[in-house]
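The values are calculated or read from the model by the stated rules, or taken from the named source; none is laboratory data. Since we're looking at a predicted model, the values are computed, not measured. All Cβ positions, glycine included, derive from the backbone under ideal geometry; neighbour counts span all protein chains shown.
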Amino acid sequence: NTYSYHTNKLDDEAEILRRTTVTTRLLSYLAEIIGTQYIQRTLHPVFNELSRKILPEGTTYEVNPLRVDDENISQNIENVSEAADMVLNAICASAKNAPRTICQLCHCILTCAESRFSEAKYKAVGAFIFLRFFCPAIVSPESTGFHDTITPVLYRGLLLVGKIAQNLANNVLFGDKEAYMIPLNDLLTRNIYRLTRFLREISQEPSNDNIVMEAECEFEKNSMKSSDYSLLHHVLLDNTQAMAQRLYTKNIPYTNDHGGKVVDSAILSEMILRDQY
């Protein structure tokens with residue numbers, strides 16, 4: 001599969017699902033189609049609660065001393081910590097509600113990563129489920145269909161929560177690069193165990209029958225928009241050379257009016273443009 005091919009080409013485990021490639025785009029797109037309702041059920045109640053939360057007077061979610069008075073930083077750090085705990089509580093309790101197709105994707109990622117980078121299998125799952133799935137939703141609630149007002153103050157808080165979630169998934173503490181986040185390392189340390197447990201739970205392999213039934217149901221409810229087809233079209237065109245080379249080495253035939261075999265990117269581009277592949 002494309003993820004196995006992606007993983008086998010890497011020399012460094014830190015690069016797993018970090019680059020923007022056909023594989024990462026396809027995974028992100030599939031997760032969006034299959035996982036929209038899961039995201040909404042998991043995060044929308046938290047977004048609702050945070051949007052109605054009244055912070056202590058004179059405080060925000062800003063923890064960068066270049067942007068806020070020193071006297072407020074300690075309480076602001078506490079505000080961010082509380083928001084992060086709310087988000088992480090919701091995510092870590094949600095594995096049982098995850099679509100089985102998402103679990104299958106996570107299981108595939110774990111299996112492929114384990115064969116290539118055995119010590120980084122959960123980091124690989126975290127790169128997908130957080131970097132490509134939860135974190136974009138955390139920092140941009142409206143992209144998930146959340147329609148209540150998010151203030152600039154809360155947007156800043158959610159951005160910092162997204163950073164926390166990403167570092168947790170990477171199993172990395174904050175350092176000199178973002179020194180103002182170092183006070184939140186205690187939060188990372190006390191959450192790493194339950195986050196690893198969540199990654200383990202969500203990457204357990206479900207039964208195949210349930211995956212097929214669920215996928216069919218989800219795709220029926222989430223039909224592609226014309227803009228989605230356009231995006232997929234551009235992704236395919238941007239990667240025709242790599243696709244053609246791989247199809248050629250695999251000796252995979254294509255079917256059109258003339259029959260034959262993919263021999264170069266020009267032919268593959270023509271097929272995509274004519275919707276023949």
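Just wondering, is there one or more residues in the range 157-170 that are assigned by TED's automatic domain parsing to the domain that holds Lys53 and not in a helix (DSSP H, G or I)? Checked against the condition, which is being assigned by TED's automatic domain parsing to the domain that holds Lys53 and not in a helix (DSSP H, G or I), the range 157-170 yields no hits at all. If you go through the range 89-107 and pick out every residue that is more than 11 Å from Ala31 (Cβ to Cβ) and either of a type in the set (A, V, I, L, M, F, W, C) or assigned to a helix (DSSP H, G or I) (or both), you end up with 12. Of the listed requirements (1) within 20 Å of the chain's Cα centre (by Cα); (2) modelled with pLDDT of 95 or more, Cys108 misses just one: (2). Scanning for something crowded, with 21+ Cβ neighbours inside 10 Å, over 24 Å from Leu26 (Cβ atoms) and either in contact with a Pro (Cβ under 7 Å, 6 or more places away or on another chain) or not small (Gly, Ala, Ser) (or both), does the range 130-139 turn up at least one residue? No: zero hits. Of everything in the range 38-78 that's under 24 Å from Cys92 (Cα atoms) and assigned to a loop (DSSP other than H, G, I, E, B), which residue is modelled with the lowest pLDDT? Filtering first and then ranking leaves Lys53.
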